[in-house]
Amino acid sequence: MKVSHPKIVVAASDVKEGALLARHLRSQAYRVARAKDWHDCLYWLKRHPDLVLLDLSLNRAGRVLAHTKNGRGNGKEVPILAFDHQKNSLKEIKGFRLGATGYVGKPFIREELLSTVAPLIERQKIKDEFAKIIRVGKTREKAREAELKRLAD
């Protein structure tokens, strides 16, 4: 059985900060891709990551949030874990208003980061599976309706 390790995109404005976050995530066998700017984020969104860890101080972070909020970046909703250089409740509120799924602030405590990431990824897997079940049900319903209409004619 193939084990799939979730892929996380880390978009940090500070290179050292991004390296620290990536190291924390890799310690739990997450696959990590690094994005240096919002263009990189959009590139990685097309590759269907399981989560994006987005620095709110990154230039045009709001644009990335807008692309992920409704699945516009890749046709799939992607959870966004926003972070900032300090725990700032105003930035946290702004992140949620723009569409972030969660928020962590500095100092980056490894356990806090990991305990926040895992449930977000798991919740998204459940949402994706539920959406798949709904799609299959609708497809079957349409097929039944078409068959009934064919038999009635």
Seminar exercise, completed: With +1 on the Cβ of every Lys and Arg and -1 on the Cβ of every Asp and Glu, the dipole magnitude of the chain about its Cα centre, in debye rounded to the nearest 20, is 360
For this session: Taking the dipole about the Cα centre of the chain, with the C-beta of Lys and Arg at +1 and of Asp and Glu at -1, give me whichever of 9, 137, 81 is farthest to the positive side.
Result: 137
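Tell me the carbon and sulfur percent of the accessible area for the chain, rounded to whole percent, probe radius 1.4 Å. Can you show the working numbers first?
Values: 5170 of 9490 Å².
Looking at the chain in its full context, I get 54 percent from C and S.
Can you sort 83, 96 by solvent-accessible area, 1.4 Å probe, largest first? Don't jump to the answer; show the numbers that get you there.
Details: 83 0, 96 90 Å².
So the residues, ranked largest to smallest area, are 96, 83.
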Seminar exercise, completed: Per the C-alpha gyration tensor (a ≥ b ≥ c, the square roots of its eigenvalues), region 12-57 is rounded if a/c is under 1.5, else prolate if a/b beats b/c, else oblate; here it's oblate
Seminar exercise, completed: Expressed in angstrom, Rg and Dmax over the Cα atoms of the chain are 18.6, 69
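Could you pull out every whole DSSP H run in the chain that spans at least 20 Å of Cα extent along its own axis and averages -1.0 or higher on the Kyte-Doolittle scale? Write out the running numbers ahead of the final one.
On the way: long enough: 110-152 (63 Å, -0.67).
Once both thresholds are applied, what remains is 110-152.
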For this session: Hey, can you grab everything whose amide H is under 5 Å from the amide H of residue 103? Only 5+ residues off in sequence or another chain; H modelled, so Pro and N-termini drop out.
Result: 82
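Over 24 Å between Cα atoms, which of 16/125; 94/132; 7/125 qualify?
On the way: 16/125 30 Å; 94/132 31 Å; 7/125 12 Å.
Violating the 24 Å Cα-Cα cut-off are 16/125; 94/132.
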Seminar exercise, completed: Dividing the mean separation of Cα pairs under 8 Å (6+ apart) by the residue count of the chain yields a relative contact order in percent of 18
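Using only DSSP helix segments of four residues or longer, with each worth -39500 (n - 2.57), what per-residue ellipticity at 222 nm results for the chain after dividing by its residue count and rounding to 500?
On the way: 5 runs with 82 residues, N = 153.
It lands at -18000 deg cm²/dmol.
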Exercise. What are the residues whose amide H is under 5 Å from the amide H of residue 33, where those residues sit 5 or more places off or on another chain and H is modelled from the backbone?
Worked result: 8, 9, 10
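Tally the DSSP beta bridges in the chain and give the antiparallel ones as a percent, rounded to 5. Let's see the in-between values first.
Working: 0 of 17 bridges.
Beta bridges within the chain, antiparallel portion: roughly 0 percent.
The values are calculated or read from the model by the stated rules, or taken from the named source; none is laboratory data. The structure presented is a predicted model; accordingly, all values stated were derived computationally and were not measured. All Cβ positions, glycine included, derive from the backbone under ideal geometry; neighbour counts span all protein chains shown. Surface areas here come from the heavy atoms of the whole protein model, side chains and all, with no ligands, DNA or RNA. Shrake-Rupley method; radii C 1.70, N 1.55, O 1.52, S 1.80 Å.
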